[in-house]
Amino acid sequence: MNDILHLRAPENWINDPNGFIYYKGKYHLFYQYFPYAPVWGTMHWGHAVSDDMIHWKHLGVALFPTKEYDANGIFSGSAIEKDGKMHLYYTAVKYNGLEKENIHHSATGLDEQSQAMIISENGYDFDNFNAKKHIIPIIEDTSIGDPHDCRDPKVWYEDGKYYMVLASTHKKEEGVLLLYVSDDAVSWNYHGRLQDKRFGYILECPDIFEVDGNRVLICSPMGVYKDTEYPENQATMQIMDCDIKQGEVRFSDKDGKLFDYGMDLYAPQSTLDEEGRRTVIGWARMPEAKRFDDGKAWNGVMSLPRVVNVKDGQIYTDVHPMVKKYFDSSKGSRESCYTRRICHIGEGEEINIDEFIIKMVDGCIHTDRTAFVPDGVKLHTKCSTPYIGVSCDLVVYNGPDIIEVYINNGLFVVSNVKY
Ligand code: FRU
């Protein structure tokens, strides 16, 4: 099966993007995948490849449980290339007790989360039986992290060393970011930590990288929108002060922002594209499955690829140039259910794109997707950005499953799933 622009679950369930990498001339995107039903369950990694991050080809399951330590799931993680081989890092999950009526869920929530890896010679073959290594055992020292919530390794190479960030928690009260270091990308040592309320009560999916001379952290703290109409877990972006070599990660004095003000996107992951641009894709959460024409149910869709830049202390995530190029030149088939609208909006003005409403009020962009939320589907309808000014530029990518509004070249983005 193939997909264009927004990569969807091939059927059944997907969540976080994983192992995103440009490797030997192709973009590989893995994702959290439950292959049996359109609901979250024992996690596998599904796999898709692309030449351009526009046309995706689904390749089925890449990683699946085979070991005692990953018996209940291959949770999120990342990819690097080393010595020409693809190295995938993931969180291995073993439940302490299964739910009686659904063995794909933990009975206790007190599960064992440790870190593992698998090396593939070519990025297509994954020997789940013989090529896995268990690299970081369960954390026992609770002054460092939590044995039950320690996950989502993001690995990168820098100045002769390999580094890994992991997400954890202090007593499920405050999120924790952990840093590990390695000489060979296989043996890892604890290197530093940051515990902060801005990481919610548990942190998920941290991703640290350098862009335009700044160190940016994109991460997914749990609970930061508690007691609101929005999903309580939201992905954020922040410029950090780091001395990675010394194991130091700190918040800077710059304000953070949401990865996306539509409140649907979560767990974004970045990689460097073929031209060295920092490119990121997020998962759009869907409260209900949709159906393909053949009746098969699917749940979970990825955002368009975006490029991260920092200008004047502000993080921008504009749509990837390949998407722009595609819309500059495309016509036909499934593509025709996509439109791009480039416009300008001023204070008090309203734009209606297929009944998706975009307004500028008091200097902020407000969106309303009421027309796309059927009765009985539990979804917030209205969103708004922080203050922008008296007017702004908009580029709106409207697809069959999700609409993405890019404001002032990605200063803010508002993406909403559609039914
Ligand atoms: C984020 C997340 C990750 C975890 C994965 C499990 O959505 O909860 O922290 O690795 O999903 O599917």
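The values are calculated or read from the model by the stated rules, or taken from the named source; none is laboratory data. Please read these numbers as outputs of a predicted model, since none were measured by experiment. Backbone-built Cβ (ideal geometry, glycine too); neighbour counts: all protein chains shown.
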Check: Quick check, is Asp83 within 12 Å of the ligand (Cβ to nearest atom) and farther than 23 Å from Pro321 by Cβ?
Finding: no
Item checked: Flag for Val319 being closer than 29 Å to His58 by Cα, among the β-branched types (Val, Ile, Thr) and modelled with pLDDT under 95 -> no
Next item on the list: Determine which single condition Asp293 fails, assuming it passes every other condition in (1) under 20 Å from Ala9 (Cα atoms); (2) in contact with an Asp or Glu (Cβ under 6 Å, 6 or more places away or on another chain).
Entry: (2)
Check: Filter segment 50-80 for residues that are among the acidic types (Asp, Glu) and more than 16 Å from the ligand (Cβ to nearest atom); which is farthest from Pro17 (Cα to Cα)?
Finding: Glu68
Item checked: Enumeration of residues in segment 79-136 that are surrounded by fewer than 12 Cβ atoms within 10 Å (Cβ to Cβ) and under 24 Å from Asp184 (Cα atoms) -> Asp83, Gly84, Asn122, Asp125, Phe129, Asn130
Notebook entry, point to check: Conditions: (1) in a strand (DSSP E or B); (2) of a type outside the set (Lys, Arg); (3) surrounded by fewer than 20 Cβ atoms within 10 Å (Cβ to Cβ); (4) more than 15 Å from the ligand (Cβ to nearest atom). His47 meets all but one. Number of the miss?
Noted result: (3)
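Residue by residue, here is whether (1) part of a strand (DSSP E or B); (2) within 16 Å of the ligand (Cβ to nearest atom); (3) of a type outside the set (A, V, I, L, M, F, W, C); (4) surrounded by fewer than 23 Cβ atoms within 10 Å (Cβ to Cβ) holds:
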residue: Asp3; (1), (2), (3), (4): yes, no, yes, yes
residue: Asp16; (1), (2), (3), (4): yes, yes, yes, no
residue: Gly19; (1), (2), (3), (4): yes, yes, yes, no
residue: Tyr22; (1), (2), (3), (4): yes, no, yes, yes
residue: Tyr27; (1), (2), (3), (4): yes, no, yes, no
residue: Tyr31; (1), (2), (3), (4): yes, yes, yes, no
Next item on the list: Would you check which residues across segment 42-88 are farther than 28 Å from Cys150 by Cα and of a type in the set (Lys, Arg) and list them?
Entry: Lys57
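Residues that are modelled with pLDDT of 95 or more, touching a Phe, Trp or Tyr at 6+ places or on another chain (Cβ under 8 Å) and over 22 Å from Glu232 (Cβ atoms): does segment 328-339 have at least one? Break it down stepwise before answering.
Residues of segment 328-339 that are modelled with pLDDT of 95 or more, as a first pass: none.
So far as segment 328-339 goes, no, none of its residues is modelled with pLDDT of 95 or more, touching a Phe, Trp or Tyr at 6+ places or on another chain (Cβ under 8 Å) and over 22 Å from Glu232 (Cβ atoms).
For segment 399-417, which residues satisfy the criterion of being farther than 20 Å from Tyr230 by Cβ and part of a loop (DSSP other than H, G, I, E, B)?
In the first step, residues of segment 399-417 are kept if they are farther than 20 Å from Tyr230 by Cβ; the result is 399-400, 406, 408-411.
Those that are farther than 20 Å from Tyr230 by Cβ and part of a loop (DSSP other than H, G, I, E, B): Gly399, Pro400, Asn408, Asn409, Gly410, Leu411.
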Margin query: For the list (1) surrounded by fewer than 23 Cβ atoms within 10 Å (Cβ to Cβ); (2) closer than 23 Å to Met286 by Cα; (3) more than 16 Å from the chain's Cα centre (by Cα), I need the number of the one condition that Phe64 fails.
Written below: (2)
Check: From Phe327, Phe356, Phe412, Phe372, which residue is surrounded by 15 or more Cβ atoms within 10 Å (Cβ to Cβ) and farther than 24 Å from Leu258 by Cα?
Finding: Phe327
Item checked: segment 86-117, residues that are away from the ligand (no atom under 16 Å from the Cβ) and either of a type in the set (Gly, Ala, Ser) or under 21 Å from the mean Cα position of the chain (by Cα) (or both) -> Met86, His87, Gly97, Ala107
Notebook entry, point to check: Do the conditions hold for Thr271, that is, is it at pLDDT 95 or above, crowded, with 22+ Cβ neighbours inside 10 Å, within 15 Å of the chain's Cα centre (by Cα) and β-branched (Val, Ile, Thr)?
Noted result: yes
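Among the candidates Asp141, Asp183, which residue alone is away from the ligand (no atom under 13 Å from the Cβ) and touching a strand residue (DSSP E or B) at 6+ places or on another chain (Cβ under 7 Å)? Full working, then the answer.
Values: Asp141 fails: touching a strand residue (DSSP E or B) at 6+ places or on another chain (Cβ under 7 Å).
The conditions single out Asp183.
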Item checked: Per-region count, segment 375-394, residues closer than 20 Å to Lys257 by Cβ and touching a residue at least 60 places away in the same chain (Cβ under 8 Å) -> 5
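For segment 211-279, please list each of the strands (runs of 3 or more DSSP E) lying entirely inside it that holds at least 3 residues being farther than 30 Å from Asp401 by Cα, more than 16 Å from the ligand (Cβ to nearest atom) and in contact with a strand residue (DSSP E or B) (Cβ under 9 Å, 6 or more places away or on another chain). Steps first, please.
Details: elements: 214-222, 236-243, 248-251, 265-272.
Ranges flagged: 236-243, 248-251.
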Notebook entry, point to check: What tally of residues in segment 166-199 results from selecting those that are in contact (Cβ under 8 Å) with a residue 24 or more places away in the chain, part of a strand (DSSP E or B) and farther than 14 Å from Arg151 by Cβ?
Noted result: 11
Notebook entry, point to check: Name the pairs whose Cβ atoms lie under 7 Å apart, with the first residue in segment 344-368 and of a type in the set (D, E, K, R), the second surrounded by fewer than 16 Cβ atoms within 10 Å (Cβ to Cβ) and not in a loop (DSSP other than H, G, I, E, B), and 6 or more positions between them or separate chains?
Noted result: Glu347/Ser391; Glu355/Ala371; Lys359/Glu350; Asp368/Lys382
Check: Taking segment 200-224 as the region of interest, how many residues are closer than 15 Å to Cys150 by Cβ and surrounded by fewer than 20 Cβ atoms within 10 Å (Cβ to Cβ)?
Finding: 0
